[in-house]
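Enquirer: Before anything else, here's the structure in question.
Read-outs: derived from the displayed coordinates by stated rules, not from any lab. Because the structure is predicted, anything quoted here is derived from the model rather than measured. Cβ atoms come from the backbone with ideal geometry, glycine included; neighbour counts cover every protein chain shown.
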Amino acid sequence: GGGKRLFLANSFVVVAVNSFFFISGFWKIKANWKKLFALFWETALYILAINLVFIVTGIEKLSVASIFKIAREMLMCLNQYWFMAAYFIVYLLAPYINKLIDCLDETERIHFFILLMVVNTLFGFLFGIGGLGEGHTAIQGIYLYILGRLCAEENEKIRKIISRKYLLLKLQDR
């Protein structure tokens, strides 16, 4: 019934948010306070729009209490929408994460990548320790941002390996 549909819909949303964190790490967040506050207000405006649709369709009644509720939701969007709160936390930590990863040599990046995968998989998903395996947390956002950064650092090497193998296959076809 409804629970299965909600689970299915949530699965797609969580994948999209997790992909967003990974892509943000891959392309490296560059701190820009104007963009961060614009994102906050954009989220608040979506909350306003959604609530206005509820009022217009009769799902919610217009009253002084509903106006205060909408205003509170708009101001508290970080508290109500986990992905926004997680993104703000990742955004604030990103400059430091970037510096950390930039300081690692290739071997350390590979070891760090493997360690993160093992910790997240074993402690998070298999044993459920410390909220690591939950997809709805800033910890998961940080984890995926770091994985994206690590993959971006190895991207050029991966491209060279793939192009070399492709070139070898082309030469063998002749």
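Enquirer: What do you get for trypsin sites (Lys or Arg not before Pro) in the stretch 56-157 restricted to DSSP loop and a cutoff of at most 10 other Cβ within 10 Å of the site's Cβ?
Expert: Numbers: sites: Lys61, Lys69, Arg72, Lys99, Arg109, Arg149, Lys157; in loops: Lys61.
Loop-located and lightly packed - Lys61.
Enquirer: Apply 1/(1 + (r/R0)^6) to the Cβ-Cβ distance of Ile23 and Met117, taking R0 = 22 Å, and write down the FRET efficiency to the nearest 0.05. It would help to have the intermediate numbers written out before the result.
Expert: Numbers: r = 18 Å, r/R0 = 0.83.
That pair, Ile23 with Met117, gives E of 0.75.
Enquirer: What FRET efficiency would be calculated for the residue pair Lys35, Val14, taking the C-beta separation as r and a Förster radius of 22 Å, to the nearest 0.05? Intermediate values should be presented prior to the final figure.
Expert: On the way: r = 24 Å, r/R0 = 1.09.
Calculated value: 0.35.
Enquirer: Another question about this same structure. Determine which aspartates and glutamates satisfy two conditions relative to Lys61: a Cα distance under 18 Å, and not lying fewer than 8 residues away in the same chain.
Expert: Filter leaves Glu73.
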